[in-house]
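Visitor: Sharing a structure, written as structure tokens. Questions coming.
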Amino acid sequence: MRTNILLAAVLSFASLAALADAPAPQVPPDKVVQQTATSMFDMVNAKKAELQKNPQELYDEVGKILLPHFDFQRASLLVLGQYARGASDAQKKGFQDAFYKYLVHGYSDALLKGNYSEHNVQVEPYRAGSDAGKATVKTKVMRENAPPVQVDYVLINENGEWKAIDVVIEGISYVLNYRNQFGPEIQKNGLDALIKRLNDDAARGQVEQPGKTQASGG
């Protein structure tokens with residue numbers, strides 16, 4: 001199950017990066033994903049040999065596409081949950097930076113090891129809800145000799161630009177999973193220790209993906 005979630009997460013974050021080309025919220029999110037999801041895969045496939053020799057270039061390339069169009073500040077606060085209330089501004093920024101590095105390194109490495117293309121992602125027609133400032137884009141990640149994986153993107157409209165704040169894989173929110181994973185660690189060792197651990201793990205390439213367990217909380 002962890003391998004399946006990793007595969008879906010890799011493809012979902014690559015498709016989220018496709019939102020970089022959205023010029024305005026009037027462009028339906030599903031069309032944006034459908035038209036531009038190839039950019040991440042094309043970049044990796046065209047430079048795979050070079051990127052394998054220089055992982056930092058891979059992280060930089062992924063970051064250039066992902067960072068401006070994923071609201072890591074908001075997502076990191078959602079992951080911290082109740083622990084954000086007692087954190088200083090420096091700790092919040094430290095966690096945001098460490099969490100970003102942790103995710104980008106983990107998903108970039110997995111993306112490089114795979115052989116993915118836009119054909120792995122099937123975008124379902126988008127149906128707008130009552131809230132014009134929020135969107136959910138539903139997709140399916142197609143896998144060889146295995147059932148597809150349902151991946152939903154949760155996006156918000158920030159000043160005329162769609163930005164992602166969560167990825168829900170088979171009904172499992174990555175925000176809630178990481179909150180569930182990090183919460184006990186913060187309670188036991190403190191937020192500064194978690195920040196250091198995430199930075200160290202990212203530097204060593206030891207990024208553990210969230211498991212199947214999910215819990216709610218705030």
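Visitor: Could you check region 122-137 and list, in sequence order, the residues that are touching a helix residue (DSSP H, G or I) at 6+ places or on another chain (Cβ under 8 Å) and closer than 18 Å to residue 166 by Cβ?
Guide: Of all residues in region 122-137, those touching a helix residue (DSSP H, G or I) at 6+ places or on another chain (Cβ under 8 Å) come to 123-126, 135, 137.
Hits for region 122-137 are 123, 124, 126, 135, 137.
Visitor: Here is a further query. Return the residue satisfying two criteria in turn: it lies in region 70-124 and is of a type in the set (Ser, Thr, Tyr) and modelled with pLDDT under 80, and of such residues it is surrounded by the fewest Cβ atoms within 10 Å (Cβ to Cβ).
Guide: My answer is 117.
Visitor: Moving on to the next point. Restricting the search to region 125-136, which residues are at pLDDT 85 or above and within 16 Å of residue 168 (Cβ to Cβ)? Spell out the reasoning first.
Guide: At the first step, the residues of region 125-136 found to be at pLDDT 85 or above are 131, 133-136.
Hits for region 125-136 are 134, 135, 136.
Visitor: Something else now. Select from region 49-69 the residues that are surrounded by fewer than 15 Cβ atoms within 10 Å (Cβ to Cβ), assigned to a helix (DSSP H, G or I) and not aliphatic (A, V, I, L, M) and list them in ascending order.
Guide: So the first thing to find is which residues in region 49-69 are surrounded by fewer than 15 Cβ atoms within 10 Å (Cβ to Cβ), and the list is 49-50, 52-57, 60, 64, 67-68.
Applying the additional criterion that residues be assigned to a helix (DSSP H, G or I) yields 49-50, 52-53, 55-57, 60, 64, 67-68.
50, 52, 53, 55, 56, 57, 60, 64, 68, listed by residue number.
Here's the yes/no breakdown for (1) free of Cβ contacts under 8 Å to residues at least 24 places away in the same chain; (2) closer than 24 Å to residue 43 by Cα; (3) aromatic (Phe, Trp, Tyr); (4) outside any helix (DSSP H, G or I):
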site	(1), (2), (3), (4)
83	no, no, yes, no
93	yes, no, no, no
101	no, yes, no, no
122	no, yes, no, yes
125	no, no, no, yes
142	yes, yes, no, yes
157	no, no, no, yes
175	no, no, no, no
180	no, no, no, no
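The values are calculated or read from the model by the stated rules, or taken from the named source; none is laboratory data. In this text, all values refer to a predicted model and were calculated from it rather than measured experimentally. Here Cβ is always computed from backbone atoms with ideal geometry, including for glycine, and neighbour counts include all displayed protein chains.
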